[in-house]
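**Q** One structure follows; several queries about it will come next.
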Amino acid sequence: MFSLTVPNMAAKITRTIFRDREVDEDRFAIVKYGVEIFLVNVTKGITVYLLAIILGVFFESLLVHMAYLFVRRHSFGLHARTSVGCTFMSLIVFAVIPYVFQGVVLSNSLIIFSSAFILLNISLYSPSDTENMPLFNAQKRHKLRVKSIFNTMIVIIFVLLLPWTEVKICLLYGALIQTIMIHPWSYKLLRRRYNNYEKE
């Protein structure tokens, strides 16, 4: 229901921003779009963390989200087609799954294997673009890949050095989510176009 009112709220906020000056239609539309994205993300975040608090996994959800966003920052990857779909998936991935897998313990060898798997896939497949945001510039893609690998290595260093198993698992899980989001198999499974820069 809220998502249906976001465009109206964004329009009101944008009109307030430009109330003392004239602005052309294109400029208004650009700012309105930015406000709309902000409102959607704030609403989604509140919804996800509210559920995480109810389930008693706020700290775990926060750790997963931090690792996911840190790796995703330069590696990009899949997006849900709708805001509602994105919110639903975020609830499952960042709140429900951490709740279900509370208390899970991984052996050191499995942690090392998972870390290597994540780093290998980030190295091979990042950055992954989308139909709406193709990455045509080869030099930019190379820089993004290097940054993605660097960010992933930082997460893995924390995983290997921190003494708390629960923290290790949350960080690994967050990085694994992003690994799935950039993998060509995920694109194929969801029937989404991969390597969109090749369609220039």
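The values are calculated or read from the model by the stated rules, or taken from the named source; none is laboratory data. Computed from a predicted structure; not experimentally measured. Heads up, the Cβs are rebuilt from the backbone with ideal geometry, glycines too, and the neighbour counts pull from every protein chain shown.
**Q** Just one of SER90, SER128, SER115 is farther than 28 Å from THR47 by Cβ and either among the hydroxyl-bearing types (Ser, Thr, Tyr) or without any contact (Cβ under 8 Å) to a residue 40 or more places away in the chain (or both); which is it?
**A** None of the other options fit; the residue is SER115.
**Q** Residues to consider are ILE111, ILE149, ILE122; find the one that is farther than 22 Å from ARG193 by Cα, touching a Ser or Thr at 6+ places or on another chain (Cβ under 6 Å) and buried (at least 16 other Cβ atoms within 10 Å of the Cβ).
**A** ILE149
**Q** Of all residues in region 38-58, how many are surrounded by fewer than 20 Cβ atoms within 10 Å (Cβ to Cβ) and part of a loop (DSSP other than H, G, I, E, B)?
**A** Final tally of qualifying residues: 1.
**Q** Scan region 130-138 and tell me whether some residue there is in contact with a strand residue (DSSP E or B) (Cβ under 9 Å, 6 or more places away or on another chain) and surrounded by fewer than 16 Cβ atoms within 10 Å (Cβ to Cβ).
**A** Checked region 130-138: at least one residue is in contact with a strand residue (DSSP E or B) (Cβ under 9 Å, 6 or more places away or on another chain) and surrounded by fewer than 16 Cβ atoms within 10 Å (Cβ to Cβ).
**Q** Can LEU162 be described as more than 17 Å from ILE112 (Cβ to Cβ), more than 16 Å from the chain's Cα centre (by Cα) and either at pLDDT 90 or above or hydrophobic (A, V, I, L, M, F, W, C) (or both)?
**A** Against the criterion (more than 17 Å from ILE112 (Cβ to Cβ), more than 16 Å from the chain's Cα centre (by Cα) and either at pLDDT 90 or above or hydrophobic (A, V, I, L, M, F, W, C) (or both)), LEU162 does not qualify.
**Q** Kindly indicate whether ALA80 is aliphatic (A, V, I, L, M), touching a Cys at 6+ places or on another chain (Cβ under 6 Å) and under 30 Å from VAL146 (Cα atoms).
**A** yes
**Q** Separate question: Is one or more of the residues making up region 4-20 out of contact with any helix residue (DSSP H, G or I) (no Cβ under 8 Å at 6 or more places or on another chain) and surrounded by 14 or more Cβ atoms within 10 Å (Cβ to Cβ)?
**A** no
**Q** With the condition kept exactly as written, say whether any residue in region 59-68 is under 28 Å from SER128 (Cβ atoms), surrounded by fewer than 19 Cβ atoms within 10 Å (Cβ to Cβ), at pLDDT 80 or above and not hydroxyl-bearing (Ser, Thr, Tyr).
**A** Checked region 59-68: at least one residue is under 28 Å from SER128 (Cβ atoms), surrounded by fewer than 19 Cβ atoms within 10 Å (Cβ to Cβ), at pLDDT 80 or above and not hydroxyl-bearing (Ser, Thr, Tyr).
**Q** Next up: If SER90 meets every condition in (1) crowded, with 17+ Cβ neighbours inside 10 Å; (2) closer than 22 Å to PHE158 by Cα apart from one, which number is that one?
**A** (2)
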